[in-house]
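The values are calculated or read from the model by the stated rules, or taken from the named source; none is laboratory data. Keep in mind the model is a prediction, meaning the values are calculated, not measured. Surface areas here come from the heavy atoms of the whole protein model, side chains and all, with no ligands, DNA or RNA. Shrake-Rupley method; radii C 1.70, N 1.55, O 1.52, S 1.80 Å.
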Amino acid sequence: MEEKRKDSKRQKWLDGIGWVLYLGIIFLLTFLTIRYVGQRTRVVGESMENTLQDGDNLIVDKISYHLHDPERFDIIVFPYKYAADTYYIKRIIGLPGETVQITEAGDILINGEELVESYGKEVIREPGLAAEPILLEEGEYFVLGDNRNDSSDSRSPAVGKIQREDIIGKAWLRIYPFDSIGFIRHQ
């Protein structure tokens, strides 16, 4: 009888250790996934309308750019350099080695050629820094919000050119609101 009680206590203790190990593994996997694979972010503001809406919850893919470089029209997430824990989400327009300019008529020029795209919600009224040609060096990107006249982006000195090492990842999946769940269209 005494032997059975000892075995029962030992089994409960082992079961407890098993649960602690199980929870530890779940915690570690969750941490590694959030740190290196993907993370949830929420869109605040209207700068990416009509593609993304204020309040959309997204999963950001943090792996892709370890395998290849960002591409034109990718929607990326990067930190805002003047506020801690503040991230911007914008669309890549200009790539390293290119010259970007926005004309008075609101046309986007890449290396002097008009960029054909349909993401902008309206004609650009204020070219900002891009009124003059901007040369993108190696590892630099020029980004715009899709709601071009209500977006703080590479046209603003507060944002400017985005450095490759500052890009956290690529918007991948909308998970909320539930009626809009789906993969994010980039190209």
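Key figures
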read-out: Compactness of region 18-140 - radius of gyration and Dmax, Cα, Å; value: 18.6, 67
read-out: Spherically averaged projected area in nm², based on the convex hull that wraps the Cα atoms of region 96-178; value: 6.4 nm²
read-out: Degrees separating the helix 2-32 axis from the principal Cα axis of the chain, which is the longest one; value: 10 degrees
read-out: Long-range amide H partners of Tyr88 with built H, under 5 Å; value: Phe78, Tyr80
read-out: Pairs of lysine residues in the chain - Cα separation under 25 Å, sequence separation of 8 or more or cross-chain; value: 14
read-out: Whole-percent carbon and sulfur share, accessible surface of region 98-187, 1.4 Å; value: 50 percent
read-out: Where the chain is the region considered: accessible area per residue in Å², 1.4 Å probe; value: 62 Å²
